[in-house]
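Okay, so here's the structure we're looking at.
The values are calculated or read from the model by the stated rules, or taken from the named source; none is laboratory data. Here the structure is a predicted model, which means the values were calculated and not measured. Don't worry about glycine lacking a Cβ; one is built from the backbone with ideal geometry, like all the others, and counts go over all protein chains shown. Please note that ligands, DNA and RNA were not included when accessible areas were found on the heavy atoms of the full protein model with its side chains. Shrake-Rupley method; radii C 1.70, N 1.55, O 1.52, S 1.80 Å.
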Amino acid sequence: MRIGELARCTGVSERSLRYYEQEGLLSARRTPGGHREYTEAAVDRVRRIQELYAAGLCSSKIAKLLPCMRDSDGRPTLTADECLVSELTRERARIDRMIRDLQRSRALLDTVIEAASGR
């Protein structure tokens, strides 16, 4: 499939797809005319990339992680090693801290909203 079709299938801009390729997160075959062609598996790959970005990982960490994941189910492959597990454990702890901070912020807002509402 061409870049426009991949963009429509995934809801990701063509510019982002080109960036993913530049960062080594996504690959495309080039036609003789220089157009990018992606396999059907690229749809799952782009969705996985989006999920990892949403979790707060940067492109360099995603690039290290992707070869250790299967695109369709996200489970680790045999190339996942202790170093990767350690890094992912740190990322999970960072996300847990962010969740706790957001929960405290929400509780504070709830208190202010309640007080301002006169309840």
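Annotations for the structure displayed:
- Exposure of Tyr19 as accessible area (Å², to 10), given a probe of 1.4 Å and all protein chains: 90 Å²
- A simple packing score, the average count of other Cβ atoms within 10 Å per residue, orders the peptides 41-48, 96-103 as 41-48, 96-103, with the highest score first.
- Summary of packing: across the peptides 104-116, 56-68, 22-34, the per-residue average of other C-beta atoms within 10 Å ranks them, highest first, as 56-68, 22-34, 104-116.
- Within the accessible area of the chain (1.4 Å probe), percent carbon and sulfur: 53 percent
- Around the amide H of Met69, modelled in the peptide plane, lie the amide H atoms of Thr77, all under 5 Å away and 5 or more residues distant in sequence or on another chain.
- Taking every protein chain into account, the accessible area of the chain amounts to 69 square angstrom per residue (probe 1.4 Å).
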